[in-house]
Each structure stands twice: as structure tokens, then as C-alpha cells.
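This report refers to the structure that appears directly beneath it.
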Amino acid sequence: MPARKFTPITRKVNVIIVISLLLGIGGIIVFFSLALIREIAASLEKNLKQHTDTVKVSIRSIMVPGYADIATRYFEEVTAANPDVSVKLFRENGKPAFSDDNTIRTVNENQGYERFSPNEPRIDVSDIPEQPYFKDALTVSPEEKLVSFQTQKGDAIFFTVYEKLQNRPSCMKCHGATHTIRGVICIESNITASINKQTLYLIISYSLFVVLLIGLTVILTQFLRRTVILPVQTIGAVCTNVTAGQFDKRVDIKNNDEIGVLGSTVNQMVQGLYERFKLSKFVSSSTLQSLKTEKAGEKLPLTILFSDIRGFTSYSEKKPPEDVVESLNKMLNFQTEIITENGGDVDKYVGDEIVAIFTTENPELSACRTALLIQKELSEKSGSAYSGLQVGIGINVGEVILGMIGSEKRADYTVIGDNVNTASRLCNAAKAGQIIIAHSIYQRVKASVLTDGPFRVRVKGKDQYLRVYLLKALKKE
């Protein structure tokens, strides 16, 4: 199964913070910004429509008495007073009102006398373009009353309102009753400044949001880094050291929260693991394995090796205690290393005696090789390195019971049974420098070893003599 890609928790936290702020604060800012823009646009449109109603009333008041020239000046004065606002009146055909004498002639004809003197056309209407949405203003429903729209001319943005000027009964005596619409009022307002303000407000709002986003991200990230991420990394480093067999590091967290409690718990765990690690030197690997399998006991064939120091009691009576302990440890240490290197496991130490078991492939030959290497080491270095001490070794194979032996408060995972006792008796029978193997061992390794024998040995607990051999060497070696 491929390894999962490592993703730092810092990156995850930053992504969560940024997404939360974007969806939270960002959404609020966008909502209120758009709401503000809509409100400003609605307010502007409302003001222009109200202004259109006011102009319409003014035009009606001026036009009823027949003061067309005053209406013309009114339009010009409104535009002059506010350059951003222009008021225009168009005829039903889309041409500007008062641009020629057509209206004057119509009024004079309806009045029956020359009420107004004809004038020259004020403007050239031949090239005046068609007004956008003008026809919509002529057909708009009475409920909607007017048409409003927004256009752009160059860099300027204009908001335009069209509203029909009805041909009321009071107007018909001058303008006639052949039409229902006298014209269309057009109020055009330059809203570029307002749009620019809206844009500026948006830019300011989003800039503040970005600054706020960055600031909050940095603050929250640093807070989480100091209160969560760094402590977790510290705990992880300590756990990594423990995995590597180093127990000297501890979690140094001052947080008075769940992380602090976790750090204290990890420190207690590391201390407990360190104590158990130190104790593991006094426990066989088979014992450790039993803790994993949780087996209470089982019967199986095993190869057992006993090694016992000869003359150690008299040696210990002649030497200081510290020398005795040092020599004993040296003897036990090198034998343990040889046993382990050859696939054996030290089951226990009984005073100056070692009990080892072999469960590897061809365990009988491994046990014989181990015994020969121990005797070789002592024969070569006994005088200088091991204070002249020697060992006797006994090896046996057979069915034994392997299990947790002892009480609820103190127990050992060890081997017991008749074949274990036999191996011990063979060890006791072996003199210094000798290796005695049982007939059962010999039958399995005779093709690979050199021996003397067979011999008959009488051991404690057995009514009959045992058939044994003295192991001398491996044939290949």
C-alpha cells in the first residue's frame, strides 16, 4: 500500500482559517457592499424620478397659460444651475420641442388668430439621433409611468428618465385633441461621480477585508502555532526519540489546557516506557513475545542449554565482593552475546548459571555451535579476561512446558519439565571445559559434529543411566 502524502498541520490550519474568513467575513462584507450599492442606486433613481415629477408639474404649470418661451428658458436655467443634470422635452416623434415653428402654427390655428409670432428654427433637427428607449417611454403602462436606464458616453455614465407628458383637456384648446401625448420629458443626470464613489467604496471595503484577512490569518496562525502546533511537534519529537530507543527527552509545555495535560501524560508515559525498557534487560525475549501473544502456556519441543561456572563458590570466598560481581558479569555477558548471535534466547540467570533455549531453524546444531564458541573463548582468554574461570555445559532436546510461571504479583515466562531437568543434570555432570550432549541431540547433529562416546551417566532423578556424548567440534570447522 503506497504511503500517504504528508501534509503539515500548519498548512491545513491556514487553509481552514482562510476559507472560514473568506466565507464568513468576506461574505458579510460583500453582502453589505452590494446592499449599499443597491441602496445608493435606488436612492439616486428615486430622487431622479421625484425630480422628473417636479419638472413635469412645472412644465404643465408653465405651458397651461401658454408660456412656451418661459418653459424653454426654464430648461436652460435648470441645466445651467447643475451641469450634471439636463432637462429636455421631446415631441412624440422624438424631435426636440421648440426646435421649429410647428407647435406655434398649430397653436395659432387652434386659437383662430396669431397668438405667437413665427420664429426661425432654433436648432437643426436633421442630424439628431434617435433617443434610446424613447419608444418604450411612449408605450409604458400608466402604473409604471416612466422609463429609466443607464448609459455610458465616453468615460461618463448617465442615468436617464423618460416620462410622458399627457395632452390633458386643459391643453387641448391650444394643441388640439388629435393626440393623447404632447411629448416626453427627459431628465439626464451624470452619475459618474456617484459610480466612482461606489467603486471607491468597494475598493476600500475589499482592501480593508484583505488587510483584515491577512491580519487575522497571521494572528490566528501564530496563536495556533504557539498553543497547538509547536506543542504537538514537541510531543511528536519526544515520541520519535522513544521509538528510536532514546528516553532522555521530555515534553516541556507550560500550557494550562488540554495540550498541557497531554504533555504531562506523555512525560509519564515516557518515564514508564524507560523503566520498562531498563527492565527488559532482565527479561528474556520469549517473555516479551508472550506479552504480545498473551499465551498462558504451551507444550512444545525445545533445545535447552545449561552453562554453569565451575568452582565459583570457592572463587567468591577468596575475592572481594566487587571483584566477584565484576567477574561474574563478564562471564555471563560474553556467553549471552554468543547465545544471542547464534539464535538463542537467555531464559534466565540462576546465580552463576545460564539457561538458554533455541527455537531457530536447526536449533540443536545452533546450541552445539554456541557451546563450542563459549568453550573456545574461555580456553583462549580464561586466564587474562575471566580470572581463570571455566564452565561446564549440558544440552538436551525434548518436549517442555513454556509458560508464565509464578504468582499474580511476580511471575516468569520460563520452561519447565523433565527435559529441562535433564539438561540441568547434564550440565552438573560436565566438568570444566566439557560439553555433554544428550543422545537425542546427538541423533540430530551426528552428521555435523565430532564427539567422544557414547558414555553412560547416572543423574539425579533418573533410575536408569543416560546415554550421552562429549561434544568436541563441528566437522566443517
- Among Lys475, Lys446, Lys460, the single one that is closer than 22 Å to Thr359 by Cβ, basic (Lys, Arg) and surrounded by fewer than 15 Cβ atoms within 10 Å (Cβ to Cβ) is Lys446
- Query: If you scan the stretch 323-348, which residues turn out to be touching a helix residue (DSSP H, G or I) at 6+ places or on another chain (Cβ under 6 Å), of a type outside the set (Val, Ile, Thr) and closer than 20 Å to Thr313 by Cβ?
  - Reply: Gln335
- Restricting the search to the stretch 307-359, which residues are part of a loop (DSSP other than H, G, I, E, B) and either over 21 Å from Thr422 (Cα atoms) or of a type outside the set (Val, Ile, Thr) (or both)? Gly311, Lys319, Pro320, Asn342, Gly343, Gly351, Asp352
- Message: Please count how many residues of the stretch 216-239 are under 15 Å from Gly260 (Cβ atoms) and touching a Lys or Arg at 6+ places or on another chain (Cβ under 8 Å).
- Response: 1
- Of residues in the stretch 194-207 being modelled with pLDDT under 80 and not β-branched (Val, Ile, Thr), the one surrounded by the fewest Cβ atoms within 10 Å (Cβ to Cβ): Lys197
- Check off (1) in contact with a helix residue (DSSP H, G or I) (Cβ under 7 Å, 6 or more places away or on another chain); (2) farther than 26 Å from Lys330 by Cβ; (3) aromatic (Phe, Trp, Tyr) for Phe358 and give me the number that stays unchecked. (2)
- Which ones in the stretch 348-392 are in contact (Cβ under 8 Å) with a residue 40 or more places away in the chain and among the aromatic types (Phe, Trp, Tyr)? Phe358, Tyr386
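This table checks each residue for (1) modelled with pLDDT under 70; (2) not in a helix (DSSP H, G or I).
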{"residue": "Ala3", "(1), (2)": "yes, yes"}
{"residue": "Glu39", "(1), (2)": "no, no"}
{"residue": "Leu48", "(1), (2)": "yes, no"}
{"residue": "Lys56", "(1), (2)": "yes, no"}
{"residue": "Ala71", "(1), (2)": "yes, no"}
{"residue": "Glu77", "(1), (2)": "no, no"}
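Taking the stated definitions as given, is Gly344 in the same structural domain as Thr414 (by TED's automatic domain parsing) and surrounded by fewer than 17 Cβ atoms within 10 Å (Cβ to Cβ)?
In short, no.
The values are calculated or read from the model by the stated rules, or taken from the named source; none is laboratory data. Model, not experiment: these values are computed from the prediction. Quick reminder, even Gly has a Cβ in these numbers, built from the backbone with ideal geometry, and neighbours come from all protein chains shown.
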